[in-house]
Amino acid sequence: MFRPWEANWFANPKDYTKMLHEDLEMRDAILSRLRNAGIAKIETERSSNAQLTVTIHTAKPGIVIGKGGSSVDQLREDLEKRFGNRVRISIQEIKQPELDAQLVAENIASQIERRISYKRAMKQAILRTMRSGAKGVRIYCGGRLRGAEMARREWDREGRVPLHTLRADIDFGRATAKTTFGAIGVKCWIYKDQITPKARLPIADGAPIGEAIAPQPEAPVEVAPPTVVAPQPLPAAEIAALPELGAIEIPSPEPAPRRPRATRPKATTAATATPKAATRPKAPAGAKAAQPKAEKPATARKAPAKKPAGKKAKS
């Protein structure tokens, strides 16, 4: 939202495709030629007189310029011959390369190509970035890490990286490490700080922008302190006419009437509700002995079963 475009030029619909491909080819040519110069981004601008201005943001301006500016002159001549336009090259140095996401990603990719452990490269890059003043950094690596048979993804983060906050100043960069066992992609997000919008001044109707004046605070108004009236003492005659405090009877407040307590009817117990069973009169003690015992009926005895006669042995 708040970053400018990397390509600033206007073209007719017929020439748009041609100019777009020229920009892409020019960027590829510069990056391939200055691979070790630590180039973060390239900005292009076209003027009306067919002049192309190229701005190179690099962390190593000495490599781009060369000895006595010979490298820059050679690059400008090659671009003019290739595209047929006048080219002007300006170089801007990056003071803190640890806070540039593109340079951090390229550094990790170069370490992976030199067979350094990706975990160690990620940890060192995060440590250097946080020491430089970043509020958060996130690094992502994906591919056949350590030469594994199956590709996987690994990432590490420190601090906070609010990707959904529109005002957050987050820099993004990516690079590719070309190894013997395949390509490994590296992505980097660096959260620097939150950007505060500029305050807009109110402009009067018809007044130019330069004459717009910010609203000034109003001057404080002096407020007079309130006057305090001292109480006047009563004359002696009025004080004597006042009744004594002991003579005044203060009626005591009547107690509030108590609410009658609601009484619940007692529940009748089972003993009172159900009549007791009639008790039998006890028999006298001698009556038990007088009564004869009931004779048991005589049971007929069974005759013993006869043993079956055995068979006579044959002689």
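Residue-wise test of (1) at pLDDT below 95; (2) β-branched (V, I, T); (3) farther than 27 Å from R35 by Cα; (4) in a strand (DSSP E or B).
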position	(1), (2), (3), (4)
I126	no, yes, no, no
R138	no, no, no, yes
G142	no, no, no, yes
L163	yes, no, yes, no
K187	no, no, no, yes
I190	no, yes, no, yes
P197	yes, no, yes, no
Residue within the range 100-123 that is more than 30 Å from E45 (Cβ to Cβ), of a type in the set (D, E), out of contact with any Phe, Trp or Tyr (no Cβ under 9 Å at 6 or more places or on another chain) and assigned to a helix (DSSP H, G or I) present: yes
Residue check, A11 touching a helix residue (DSSP H, G or I) at 6+ places or on another chain (Cβ under 6 Å) and either of a type outside the set (S, T, N, Q) or closer than 27 Å to V137 by Cα (or both): yes
Residue list for the range 1-14, filter: more than 43 Å from the chain's Cα centre (by Cα) and surrounded by fewer than 10 Cβ atoms within 10 Å (Cβ to Cβ): N12, P13, K14
Lone unmet requirement of (1) under 16 Å from A40 (Cα atoms); (2) assigned to a strand (DSSP E or B); (3) under 27 Å from the mean Cα position of the chain (by Cα) for T176: (3)
Selected residue [farther than 28 Å from A175 by Cβ, β-branched (V, I, T) and over 42 Å from the mean Cα position of the chain (by Cα)] from T17, T53: T17
Exclusive hit being within 18 Å of T176 (Cβ to Cβ) and either among the β-branched types (V, I, T) or modelled with pLDDT of 90 or more (or both), set R88, R76, R35, R27: R27
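Pull up the range 68-93, narrow it to residues that are in a helix (DSSP H, G or I) and among the small types (G, A, S), then point me to the one that is nearest to R33 (Cα to Cα).
Taking the range 68-93 as the starting set, the residues that turn out to be in a helix (DSSP H, G or I) are 68-83.
If we keep only those that are among the small types (G, A, S) too, we end up with 68-71.
Working: G68: 18, G69: 16, S70: 14, S71: 10 Å.
Here the residue is S71.
Confirm whether D156 is in contact (Cβ under 8 Å) with a residue 12 or more places away in the chain and in contact with a Lys or Arg (Cβ under 6 Å, 6 or more places away or on another chain).
Numbers: in contact (Cβ under 8 Å) with a residue 12 or more places away in the chain: yes; in contact with a Lys or Arg (Cβ under 6 Å, 6 or more places away or on another chain): no.
Considered against the rule, which asks whether it is in contact (Cβ under 8 Å) with a residue 12 or more places away in the chain and in contact with a Lys or Arg (Cβ under 6 Å, 6 or more places away or on another chain), D156 comes out as no.
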In the range 3-34, the residues that are without any contact (Cβ under 8 Å) to a residue 40 or more places away in the chain, among the small types (G, A, S) and assigned to a helix (DSSP H, G or I): S32
Residues located in the range 35-51, provided they are more than 24 Å from A11 (Cβ to Cβ), touching a residue at least 24 places away in the same chain (Cβ under 8 Å) and not in a strand (DSSP E or B): N36, A37, G38
Any hit, the range 62-85, residues being under 30 Å from M130 (Cβ atoms), under 41 Å from the mean Cα position of the chain (by Cα) and outside the structural domain of T176 (by TED's automatic domain parsing): no
Residue list for the range 116-130, restricted to those being farther than 13 Å from R157 by Cβ and charged (D, E, K, R): K119, R120, R128
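If you take the residues in the range 52-84 that are of a type outside the set (K, R) and touching a residue at least 40 places away in the same chain (Cβ under 8 Å), which one is nearest to A11 (Cα to Cα)? Explain how you work it out, then say what you get.
Here is the first cut: in the range 52-84, the ones of a type outside the set (K, R) are 52-59, 61-66, 68-75, 77-80, 83-84.
From what's left, touching a residue at least 40 places away in the same chain (Cβ under 8 Å): 59, 75, 78-79, 83.
Details: A59: 32, L75: 25, D78: 24, L79: 20, F83: 16 Å.
Out of the qualifying residues, it is F83.
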Residue within the range 154-173 that is surrounded by 13 or more Cβ atoms within 10 Å (Cβ to Cβ), in contact with a helix residue (DSSP H, G or I) (Cβ under 7 Å, 6 or more places away or on another chain), closer than 21 Å to K41 by Cα and of a type outside the set (F, W, Y) present: yes
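The values are calculated or read from the model by the stated rules, or taken from the named source; none is laboratory data. Small disclaimer: the values here were computed from a predicted structure and weren't measured. Counting neighbours? That spans all protein chains shown, and the Cβs are built from the backbone with ideal geometry, glycine included.
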